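Right, one structure below, let's go through it.
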Amino acid sequence: MQRVKPWSQACENNREPILRVLRDYFTTPGTIIEIGSGTGQHAVYFAQHLPHLYWQPTDRQENLPGIAMWAEEADAANLLSPVCLDVTVQPWPVSRAAGVFAANTAHIMGWAGVEAMFAGAARILDEGGRFCLYGPSMIGGLHTSDSNARFDAMLRARDPASGIRDVDALQELGEHCSLRLIDDRPMPANNRTLVWEKRPGNAPF
């Protein structure tokens with residue numbers, strides 16, 4: 001049976017606005033770890049447009065074949081083969097990174113998963129490395145749009161541990177992991193890209 005290459009309209013819509021942010025913060029040559037690469041569309045697009053970086057897609061095992069299909073078709077020298085990564089399982093399959101990127105992950109996983117993602121990102125980041133997190137966020141306990149409020153209600157009805165996260169809670173979590181929030185960039189479709197920088201210090205284990 002022939003496998004169908006996965007595809008997401010949202011990835012097509014948000015890739016260029018996200019790329020503009022990544023160009024501002026992933027300026028130093030090195031390896032970027034993408035957490036939750038999903039279909040693989042982002043990995044291909046960002047690798048092609050950021051040739052000074054090696055882009056490492058990761059996801060759960062069941063999503064790796066689809067990501068590999070995108071990577072093989074793109075044939076980009078700086079796009080690495082996808083590897084299995086569950087943020088809650090230590091050790092991670094990567095030990096060092098110049099940067100970490102994740103899109104639409106924090107609201108899908110439970111809070112324990114968000115904590116594990118931040119702690120893991122902090123452990124592998126070089127000092128001064130950036131962690132860019134894209135997706136919907138609450139501000140001061142309030143949703144930024146009615147559509148986000150409806151989306152959050154749907155997420156929590158499906159899994160009470162999931163849901164749209166508040167920027168303040170994420171900022172506090174980052175501080176605990178030696179990650180300093182340096183940018184909060186509004187994005188189209190009521191999303192944001194939050195950018196943290198690794199400070200001197202150790203992430204919690």
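Details
- Comparing mean-square fluctuations of 132, 177, 84 from a GNM of the chain with C-alpha springs under 10 Å, the top value falls on 84.
- Taking all protein chains into account, the per residue accessible area for the chain stands at 47 Å² (1.4 Å probe).
- Average projection, convex hull of the Cα set of the chain: 11.2 square nanometres.
- Alpha carbon centroid spacing (whole Å) that separates the stretch 146-205 from the stretch 36-99: 21 Å
- Here the chain carries DSSP beta bridges of which approximately 45% are antiparallel, counting only pairs with both residues inside.
- Based on alpha-carbon atoms, the Kirkwood radius and the radius of gyration of the stretch 1-85 give Rg/Rh equal to 0.95.
- Accessible surface of the chain [probe 1.4 Å, protein heavy atoms]: carbon and sulfur percent: 52 percent
- Percentage of interatomic Cα-Cα distances in the stretch 21-136 larger than 21 Å: 30 percent
- Choice from 43, 161, 98 showing the highest fluctuation, given a GNM over the chain with Cα pairs closer than 10 Å: 161
- Computed helical MRE - 222 nm, the chain, DSSP H runs ≥ 4 contributing -39500 (n - 2.57), nearest 500: -11500 deg cm²/dmol
- Of all stretches in the chain that contain no trypsin sites (Lys or Arg not before Pro) in a DSSP loop with at most 16 other Cβ atoms within 10 Å, the longest one is 97-205.
- Cα gyration tensor shape of the stretch 89-178, rounded if a/c is under 1.5, else prolate or oblate by comparing a/b with b/c: prolate
- For the chain, modelled as a GNM whose springs connect Cα atoms under 10 angstrom apart, the maximal fluctuation among 189, 116, 97 occurs at 189.
The values are calculated or read from the model by the stated rules, or taken from the named source; none is laboratory data. Model, not experiment: these values are computed from the prediction. No Cβ is skipped: glycine too gets one built from the backbone with ideal geometry, and neighbour counts run over all protein chains shown. Remember, those area values only see protein heavy atoms, side chains included, never the ligands or the DNA or RNA. Shrake-Rupley method; radii C 1.70, N 1.55, O 1.52, S 1.80 Å.
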